[in-house]
Amino acid sequence: MRSDACLGAVLCLVAGCGRLNFEARDDAAGDGQEADAARACSQLTWGPQMTLAVGNTPHSLASTDLNGDNLSDIVTVDGGDNTISILLGTGPRSFAARTTAATEADPGGIAFGNLDDDNRLDVAVANRGTNTVSVLWGNGDGTFETTPTILIMEANPFTVTLGDVGLNGTLDVLAPNSGTGSITVRRGNNNRLFDPAENYVTGPTPYILAFGTFTNDAYFDFLVVLNGGDQVGFFRNNGDGTYAFGANIDVGNGPRGMVHGDFDGDGLRDVIVANGATTTLSFLKGNGAGAFAPQVLIQAGSGPDGLATADLDGDGDLDLAVSDGSGSEVRVLFNQGNGTFSPFVPFATGQDADDVIIADLDRDGLLDLAVANENSATVSLLYATCLN
């Protein structure tokens, strides 16, 4: 069953928004990618990969339409160059050579959203080397203004998320600070100004943050992956845009990527986490009241890192794509309709597949895969083919 989409407060985030739409939305995929659904196809394959050159050490990537031409564009965060690479689509399966925009030192995560209410996509990038988030103001044509806004966070913000935490119609900036064990919230005002930092204490090494309605009310709670504690932390929205700690939930060793949605068809939101130091994913069944059952492990192969979810085969269930952060492949796991998954099927990528997104890149009704290859300075595009 697909996760609900338009609920009231969020965003276009870390990876793969796929559309120029600034309604408040649930972050169904956890990394910012809303869960799409493909046309029905019971026999799918992906690839062979097409590679695009980007900058050095691409940590993360996202797909959306930056210039309003109804073609998919791709942006990567190039940690080795302190830039983002912008690849504008020129046709269903073609892209222009990359252009770049500067960030600060050691950028990691990326998020898209209309932060100043001008109907143009802006970009927020977490900079671990300077303890900041850069907000690059979009011109609406795939370029960005040369002077970004720099937001001070705490130590080593690993990723960044945009969301309307107070349900007041404006996007706010949130970053998990891996160096201080905290989350910083900077509230936006639609005028390129942001309120002073609000900080929430988490467990050790918060890594990725995701919004969702986990308590069956109108307010967005959030989950944070605690890479240093092998847990996921749950924070409940108090109804006024502030948050209270709920619980820490045990997962496997070295958790990295995270997605959420109704994976078992009971109408309640569940969570899946990639355990990077193992060969497993952790499935956490939600009860609709902000609590989760103990983890059930799903075999996913070595080094699971990036994680994305969508209804890949159009059968109404959320499937998974997981990147191999220590190897050269991305794996697809099909949902059996009850929260169990078929054995993974691997597809070749570049070296050290760090992040994965799911999007209909060529607009043919089938969902494709894009992977940031950290040690190849490339992006792998794997287009879907229906075999029946």
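The values are calculated or read from the model by the stated rules, or taken from the named source; none is laboratory data. Bear in mind that the values here come from a model prediction, so they are computed numbers and not experimental data. Quick reminder, even Gly has a Cβ in these numbers, built from the backbone with ideal geometry, and neighbours come from all protein chains shown. The accessibility values were calculated without ligands, DNA or RNA, using every heavy atom of the protein model including side chains. Shrake-Rupley method; radii C 1.70, N 1.55, O 1.52, S 1.80 Å.
Taking the range 270-290, which residues are touching a strand residue (DSSP E or B) at 6+ places or on another chain (Cβ under 8 Å) and among the small types (Gly, Ala, Ser)?
Correct list: 274, 276, 282, 286, 290.
Keeping to the range 143-169, report how many residues are touching a Gly at 6+ places or on another chain (Cβ under 9 Å) and either in contact (Cβ under 8 Å) with a residue 40 or more places away in the chain or within 25 Å of residue 88 (Cβ to Cβ) (or both).
So the answer is 15.
Consider residue 186 carefully, then state whether it is open to solvent by 20 Å² or more (accessible area, probe 1.4 Å), in contact with a Pro (Cβ under 7 Å, 6 or more places away or on another chain) and charged (D, E, K, R).
For residue 186, the condition - open to solvent by 20 Å² or more (accessible area, probe 1.4 Å), in contact with a Pro (Cβ under 7 Å, 6 or more places away or on another chain) and charged (D, E, K, R) - is not met.
Among the residues of the range 48-68, write down those that are closer than 20 Å to residue 126 by Cα and in a strand (DSSP E or B).
Scanning the range 48-68 gives 58, 59, 60, 61, 62, 63, 64.
For the range 69-89, name all the residues that are part of a loop (DSSP other than H, G, I, E, B) and of a type in the set (S, T, N, Q).
If the condition is that a residue be part of a loop (DSSP other than H, G, I, E, B) and of a type in the set (S, T, N, Q), then 70, 72, 82 are the ones that fit.
Under 8 Å between Cβ atoms, which residue pairs at least 6 apart in sequence (or on different chains) link something in the range 226-238 that is over 27 Å from residue 164 (Cβ atoms) with a partner that is assigned to a strand (DSSP E or B) and open to solvent by 50 Å² or more (accessible area, probe 1.4 Å)?
229/248; 230/250
Of the numbered conditions (1) open to solvent by 50 Å² or more (accessible area, probe 1.4 Å); (2) in contact (Cβ under 8 Å) with a residue 60 or more places away in the chain; (3) under 23 Å from residue 274 (Cβ atoms), residue 221 satisfies every one except a single condition; which is it?
(1)
Condition test on residue 315, is it in a strand (DSSP E or B), in contact (Cβ under 8 Å) with a residue 60 or more places away in the chain and either surrounded by fewer than 21 Cβ atoms within 10 Å (Cβ to Cβ) or of a type in the set (Asp, Glu) (or both)?
So residue 315 does not fit the description; no.
Looking only at the range 280-293, count every residue that is exposed (fewer than 15 other Cβ atoms within 10 Å of the Cβ) and free of Cβ contacts under 8 Å to residues at least 60 places away in the same chain and tell me the total.
Of the residues in that region, 1 qualify.
Looking only at the range 178-201, which residues are farther than 23 Å from residue 113 by Cβ and in a loop (DSSP other than H, G, I, E, B)?
179, 180, 181
Within the range 356-367, can you find the residues that are surrounded by fewer than 24 Cβ atoms within 10 Å (Cβ to Cβ) and under 19 Å from the mean Cα position of the chain (by Cα)?
360
Quickly run through the range 102-128 and pick out the residues that are open to solvent by 50 Å² or more (accessible area, probe 1.4 Å), part of a loop (DSSP other than H, G, I, E, B) and more than 19 Å from residue 64 (Cβ to Cβ).
104, 106
Being of a type in the set (Val, Ile, Thr) and over 24 Å from residue 375 (Cβ atoms) is the filter here, so list the residues in the range 305-334 that pass it.
309
Cβ-Cβ under 6 Å, sequence separation 6+ or interchain: first residue in the range 179-192 and over 17 Å from residue 168 (Cβ atoms) and at pLDDT 95 or above, partner acidic (Asp, Glu) and in a loop (DSSP other than H, G, I, E, B). Which pairs?
180/154; 182/154; 184/154
Report, by residue number, each residue of the range 20-58 that is modelled with pLDDT of 95 or more, open to solvent by 30 Å² or more (accessible area, probe 1.4 Å) and under 20 Å from the mean Cα position of the chain (by Cα).
57
Test residue 245 against the stated conditions and say whether it is buried (at least 19 other Cβ atoms within 10 Å of the Cβ), aromatic (Phe, Trp, Tyr) and in contact (Cβ under 8 Å) with a residue 24 or more places away in the chain.
No, not satisfied.
So which residues in the range 333-355 are under 17 Å from the mean Cα position of the chain (by Cα) and touching a residue at least 60 places away in the same chain (Cβ under 8 Å), if there are any at all?
The answer is 354, 355.
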